[in-house]
1. Right, Leu155: touching a Leu at 6+ places or on another chain (Cβ under 9 Å), closer than 15 Å to Asn63 by Cβ and touching a residue at least 12 places away in the same chain (Cβ under 8 Å) or not?
2. Only residues that are surrounded by 17 or more Cβ atoms within 10 Å (Cβ to Cβ), under 18 Å from Glu160 (Cβ atoms), out of contact with any His (no Cβ under 9 Å at 6 or more places or on another chain) and of a type outside the set (Ser, Thr, Tyr): list them for the stretch 221-259, please.
3. Based on what the data block shows, is Asp228 within 30 Å of Leu101 (Cβ to Cβ) and either out of contact with any strand residue (DSSP E or B) (no Cβ under 9 Å at 6 or more places or on another chain) or basic (Lys, Arg) (or both)?
4. Of all residues in the stretch 14-36, which are in contact (Cβ under 8 Å) with a residue 40 or more places away in the chain, under 24 Å from the mean Cα position of the chain (by Cα) and more than 19 Å from Gly93 (Cβ to Cβ)?
5. On the given criteria, is Thr135 touching a Ser or Thr at 6+ places or on another chain (Cβ under 6 Å), assigned by TED's automatic domain parsing to the domain that holds Gly68 and assigned to a helix (DSSP H, G or I)?
6. Among the candidates Val369, Val361, single out the residue that is farther than 17 Å from Phe265 by Cβ and touching a residue at least 40 places away in the same chain (Cβ under 8 Å).
7. Grab the strands (runs of 3 or more DSSP E) fully contained in the stretch 244-327, keeping just those with 2 or more residues being in contact (Cβ under 8 Å) with a residue 24 or more places away in the chain and more than 34 Å from the chain's Cα centre (by Cα).
Amino acid sequence: MTDLLIRWFVPNGEQTRDASVRRQYGRLAGGVGIGVNLLLFAVKLLAGILTASVAVLADAFNNLSDAGTSIVTLVGFYLAGQEADEEHPFGHGRMEYLAGLIVSLAILLVGFELGKSSVEKILHPEPVEFSLLSTLILALAVLVKLWLFRFNRALGRRIESAAMQATAADSLMDAIATAVVLVSGLIGWRFGWNVDGWVGVLVALFILKAGLDAAKETLDPLLGRPMDPELAQDIDQLVLDHPYIMGIHDLVYHDYGPGRAMMSFHAEVPADGDLLAIHDVIDHIERELKQRNGIETVIHMDPIVQDEGTEQLRRQIEGLAKQMDQRLTIHDFRITAGPIHTNLLFDVVVPYGFSMTDAQVKKELARRVKELSDKYYAVIEVDRSFVECREH
């Protein structure tokens with residue numbers, strides 16, 4: 001069913017990085033969600049009125065709120081697909097993340113309200129009423145919501161959308177909540193045990209956990225997260241396969257929404273190389289990264305002296321850094337010799353959460369450099385980069 005709907009409503013559905021295609025996926029998910037939830041609302045409302053069941057009526061209005069959530073998804077994908085303008089030169093792709101955040105907040109609200117009503121049922125238990133009609137409707141609603149969960153999850157995975165995954169989680173939580181109403185009602189009718197409130201509290205905690213996880217998935221790209229390791233490795237290999245490139249470091253990545261990203265990094269090139277030829281290679285790499293990964297890239301060239309003495313000393317200094325911690329690397333190594341002392345200038349890459357402060361790293365590494373020779377004076381900069389310096 002999902003593949004059939006995609007073929008009908010999403011032409012070129014395999015081009016998932018294209019903004020217009022993602023908008024069509026969002027329109028499909030939102031439209032199906034609105035239609036299904038409005039239908040469930042109408043059926044449950046009728047059943048609730050006929051059976052005078054407060055639980056069924058409450059579940060009906062929950063589906064009405066879910067239709068509103070689907071509208072949020074629909075609007076979010078529409079806004080995310082808009083072109084860049086003067087006020088938003090990097091596009092509107094993050095609107096997709098905002099839509100997912102709103103959906104995750106809706107999940108948290110459902111969990112809170114369910115927990116609140118469950119506690120009230122524990123404190124003030126009510127007699128359980130059985131209705132065959134409401135039971136059948138709730139069972140059907142569970143199956144429909146499970147299908148909607150699988151549908152949104154399949155779309156979310158296909159286009160790698162946190163917003164759509166949050167919508168899928170919302171559908172799953174609704175299916176579980178409705179199932180709890182159904183099962184607890186059957187248990188109460190069959191055995192006379194009023195477990196509705198206690199089971200509701202457990203489900204509410206489960207829903208709150210799912211809401212927090214969904215919120216994290218949408219907050220991370222909004223706050224800024226590192227590049228996907230597989231993408232970083234692919235970029236690393238692509239860049240180093242070109243002539244003149246000796247290493248890369250200081251990678252900075254900005255995510256402005258699916259298919260909209262910017263990146264900058266330093267590329268180490270031979271100091272005695274042909275400047276025009278190297279510049280042409282750099283331009284070619286920037287174009288290739290744009291075509292292959294859809295990332296606008298700016299590359300800074302770092303000239304590296306390749307004489308044997310400089311390289312030998314660089315390896316010595318890197319060995320000193322490795323003695324402190326195997327994760328430490330250095331780059332931008334330069335030597336400026338003077339009549340009294342020799343400056344060794346370099347950057348050391350320190351991982352996040354390192355046990356030493358930046359000042360302690362500088363002091364300890366400078367001390368070790370001084371032990372090599374009293375004439376050496378280390379000028380050290382500490383930085384952090386997702387991709388450490390790598391040699392060709």
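The values are calculated or read from the model by the stated rules, or taken from the named source; none is laboratory data. Since this is a predicted model, take the numbers as computed values, not measurements. So basically every Cβ, Gly included, is an ideal-geometry build from the backbone, and we count neighbours across all protein chains shown.
1. no
2. Pro221, Met227, Ile235, Asp255, Pro258, Gly259
3. yes
4. Gly33
5. So Thr135 fails the test.
6. So the residue among Val369, Val361 that is farther than 17 Å from Phe265 by Cβ and touching a residue at least 40 places away in the same chain (Cβ under 8 Å) is Val369.
7. Ranges flagged: 295-304.
Here's the yes/no breakdown for (1) surrounded by fewer than 18 Cβ atoms within 10 Å (Cβ to Cβ); (2) in contact (Cβ under 8 Å) with a residue 60 or more places away in the chain; (3) not aliphatic (A, V, I, L, M):
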residue	(1), (2), (3)
Asp85	yes, no, yes
Gly100	no, yes, yes
Ala106	no, yes, no
Leu114	no, yes, no
